[in-house]
Amino acid sequence: MAQTKDGTLWVAIIGAGPAGYYTAEALTKGDQDVRVDIIDRLPTPFGLIRAGVAPDHQSIKNVSRRYEATNQRDDVRFVGNLSLGRDVTLKELQEMYDVVVLATGAAKDRPLGIDGENLPGVIGSGPFVGWYNSHPDYADLNPDLRIASVSVIGNGNVAVDVARILAKTANEMGQSDLAAHAADVIHVSSIKDIYILGRRGPLEAAFTPKELGELNKLENCVTLVDGNQLPDPSIDETLAGATKKNMIALRAMATNSPDDKPVRLHIKFYRRPMAIIGEDCVCGIRLEETVVEDGKCIGTGKSEVLPTGLVVPCIGYRTSPIPDIPYNERRGIYQNEDGLISDGLYCVGWCRRGPTGTIGTNKPDGKVIAERILNEVSPASKKGRHGLDAIVQERGLHIVTFQDWKKIEAAEIDAAEGDAPRAKFVDLDEMVSIAENK
Ligand code: NAP
């Protein structure tokens, strides 16, 4: 149990996503005087909730209401449109705050490490998901979807999200906040075949039953599984949990016919990407057949080329390194010991433990880091947010507060058409100007 200490403990959290908000919530709910500034380079809060969770999964996005409640408190402040490195340095923050917590997520795609992965037409899940979710960094991606087939690499929930968003019709996306620039391209695309390619088998797949099940309920697209790739049904009674439910869904998909609907989504297991093929852009992907032994993926030496016009690797993420912060190259996270990087510097969420788990996994993670901080750091009469405000003034920076964000949000809701919950802005200047409008 944390001891209450005298004085204000000033904490700066970098990154306004779930890990940042859960940490702020846990830091401020006790008796100690803790003031938290949640800093984000974007003028919008909520990180992956806004730009990662699929636009047709609005119920998951609703968790942001809990973060709003955290932001209603006087001791927690959102400071948007302030970039670490560009507007303020880590050293400056460490001088002003007792604690700096990095909650910067994992925004870089893990590389495939095969020939051809830099060809035009290979777009990692980070940019691709950001594009259809209106992330300002990727709004201009403009992928060419005048193609017949797409290969989505990986057997996780991100692969399932990408395939589903490409397969759903405008009607199915009517209640979503899919970016208008993405809807304009996806809903007139000529895609007829979507492949989800797993290097291991159905028993090793990382996707979850609810997400997999959605693929068997698409209006215009039939999901196909080769029954020969599924294990003998006698194994089913030994299965449990998500694997058992996945197997039920996959067996149902194996009875579908390719002629059922105009677009086909093929879930292919035991295929390892070997090279992406093309001269000026992607035209195919070479896949090696694999077998799984003791959970490991082993190549058989047999390969095939799958013609494809777009490859979207969805194989996990890495944290973006920050100068002077030790980095674990192998794991793609900040070098840390249970969240501690160095005195007064902590990390939480994906940048601490890697890109795994659901949004909710960040709650216990934030609690553990908050408890550590409250136990380990004593207030040292620092300037905290007053120091930051002075820097903002001196440098003429345009920060966006939570009240400012609510103006942006109201404008997005106003701009929504039909049943869409909002039409997200992608232009940073436009958002800042709405925020500054009295
Ligand atoms: P993930 O669940 O770790 O899946 C990554 C997939 O990529 C695995 O199937 C992995 O196969 C495969 N892979 C890795 N390296 C590969 C390579 N070199 N070649 C081929 N395949 C490779 O990661 P994710 O899909 O990015 O999801 C990240 C986290 O967010 C997960 O915890 C996920 O559940 C969560 N998420 C949840 C939702 C939701 O709840 N709706 C939506 C999106 C994401 P191996 O298993 O063989 O390594």
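The values are calculated or read from the model by the stated rules, or taken from the named source; none is laboratory data. Keep in mind that what you see is a predicted model, and the values were worked out from it rather than measured. As a convention, Cβ positions derive from the backbone with ideal geometry for all residues, glycine included, and neighbour counts pool all protein chains shown.
Tabulated values for the structure
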item: Residues within segment 263-306 that are part of a loop (DSSP other than H, G, I, E, B) and more than 20 Å from Ala159 (Cβ to Cβ), tallied; result: 6
item: Segment 25-51 - residue that is small (Gly, Ala, Ser) and in contact with a Gly (Cβ under 8 Å, 6 or more places away or on another chain) and, of those, farthest from the ligand (Cβ to nearest atom); result: Ala26
item: Qualifying residue in segment 330-338 (condition: within 16 Å of the ligand (Cβ to nearest atom), crowded, with 18+ Cβ neighbours inside 10 Å and on the phi < 0 side of the Ramachandran plot); result: yes
item: Residue tally, condition within 16 Å of the ligand (Cβ to nearest atom), part of a loop (DSSP other than H, G, I, E, B) and in contact with a Phe, Trp or Tyr (Cβ under 9 Å, 6 or more places away or on another chain), over segment 307-325; result: 3
item: Residue check, Asn133 at positive phi and either assigned by TED's automatic domain parsing to the domain that holds Thr243 or away from the ligand (no atom under 16 Å from the Cβ) (or both); result: no
item: Subset of segment 116-133 (residues that are of a type in the set (Gly, Ala, Ser) and touching a helix residue (DSSP H, G or I) at 6+ places or on another chain (Cβ under 7 Å)); result: Ser125, Gly130
item: Unique match (being crowded, with 17+ Cβ neighbours inside 10 Å, within 22 Å of Asn171 (Cα to Cα) and under 26 Å from the mean Cα position of the chain (by Cα)) among Glu412, Glu417; result: Glu412
item: Lone qualifier among Ala183, Ala249 - being under 20 Å from Ala51 (Cα atoms) and either out of contact with any helix residue (DSSP H, G or I) (no Cβ under 6 Å at 6 or more places or on another chain) or surrounded by 20 or more Cβ atoms within 10 Å (Cβ to Cβ) (or both); result: Ala183
item: Segment 172-215, residues that are among the polar types (S, T, N, Q) and more than 16 Å from the ligand (Cβ to nearest atom); result: Gln175, Ser189, Ser190
